[in-house]
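Structure first, then comments.
Quick note: the coordinates plus some simple rules give every number you see, no bench work behind them. Please read all numbers here as calculations on a predicted model, not as lab measurements. Using ideal geometry, Cβ is built from the backbone for each residue, glycine included, and neighbour counts are taken over all protein chains shown.
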Amino acid sequence: MSEELRPAYKRILLKLSGETLMGDQEYGIDPRVIGRLAREVTELSRIGVEVAIVIGGGNIFRGAGLAEAGMDRVTADHMGMLATVMNGLAIQDALERLGKFCRVMSAIKINQVCEDYIRRRAVRHLEKGRIVVFAAGTGSPFFTTDTAASLRAIEINADIMIKATKVDGVYDSDPFKNPNAVRYERLTYEEALSKHLGVMDATALVMCRDNNIPLRVMNIFNEGDLMRLVTGEPIGTLVERG
């Protein structure tokens, strides 16, 4: 472990949206973005942080969107789960090119490309210093990847869940539409739910609240903020039990 940087958390769950991987593109994966993310995650691992990642699939396929357009919801959600597996494999490749061991674990059986999700095996991977990417959501339709991230954070006993977004925290209104939007430094889960702030869906928030998992919402595009957050700086917005 580095003598200069001391992590404030031993084990984290990093939630990335699929759209994060697009960069400035309209679709797919920007190699520059995924390369930078891999470098930042690798640096966390090098200072002794156990890192688990949940990735969405919105850069490839959005199940909810096609369901709204008339596709069978279960079929659409299964397609969205497969998109998260594709993103997980891309993250694994980027990490392994940096010399970091990584395991993709899928909630649906797809054994020829990645491992099945088994909680004890996932924890063992983390204990050995491997980065673990949880793919395919919860394995069931009608659940978001935010809910999957909350579930996995609870199952692996993460010290904190970090939701990486394109804004630097939670605001009282959309900061892209309202230049006077106010950013919260801290919220309780009850406030986030009652004010409908769009932090995560209600199921994900309630799971974190009931299992006492703190949440930090940050801007993943601010290079270096992830390391600063994990080493104890008050980056973004903290959401926790009141």
* To do: Quick one: check the C-alpha center-to-center distance for segment 28-65 versus segment 119-151, whole angstrom.
  => 13 Å
* segment 5-108 - charge dipole about Cα centre, Lys and Arg +1 at Cβ, Asp and Glu -1, debye rounded to 20 -> 620 debye
* Taking only DSSP H segments of four or more residues, each worth -39500 (n - 2.57), what value at 222 nm results for the chain once the sum is divided by all its residues, to the nearest 500 deg cm²/dmol? -> -11000 deg cm²/dmol
* To do: Using a/c under 1.5 as the rounded threshold, could you call segment 78-122 rounded, prolate or oblate? The axes a ≥ b ≥ c are square roots of the C-alpha gyration tensor eigenvalues, and prolate needs a/b larger than b/c, oblate otherwise.
  => oblate
* Dipole magnitude of the chain about its Cα centre (Cβ charges: Lys, Arg +1; Asp, Glu -1), debye to nearest 20 -> 700 debye
